[in-house]
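The values are calculated or read from the model by the stated rules, or taken from the named source; none is laboratory data. If you're wondering where the values come from, they're calculated on a predicted model, not measured in any experiment. Glycine also receives a Cβ, built like all others from the backbone with ideal geometry; neighbour counts cover every protein chain displayed. With ligands, DNA and RNA removed, areas are computed over all heavy atoms of the protein, side chains included. Shrake-Rupley method; radii C 1.70, N 1.55, O 1.52, S 1.80 Å.
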Amino acid sequence: MRVSAERDRCVGSGQCALLSPEVFDQDADGLVTLLSEEPAEELREQVAQAVDLCPSRSIRVHD
């Protein structure tokens, strides 16, 4: 699994960082920051929830 995030679309809701702090964080402006572009498979469910709850649809999972 590979994860990408479009920072220019991010609205800073922080759902991704709350759901999967091993993969996502927020910078000083509240925008998404990827901590791991290829997270461990056991994090797939958390990452999928983050994708589903992202209000700006700025996070994608590539298999």
Would you mind stating whether S58 is at pLDDT 95 or above and under 9 Å from the mean Cα position of the chain (by Cα)? yes
Where the second residue is among the basic types (K, R) and open to solvent by 70 Å² or more (accessible area, probe 1.4 Å) and the first is free of Cβ contacts under 8 Å to residues at least 60 places away in the same chain and farther than 15 Å from V61 by Cβ and lies in the range 22-37, which pairs have Cβ atoms under 6 Å and are six or more apart or on separate chains? L31/R7
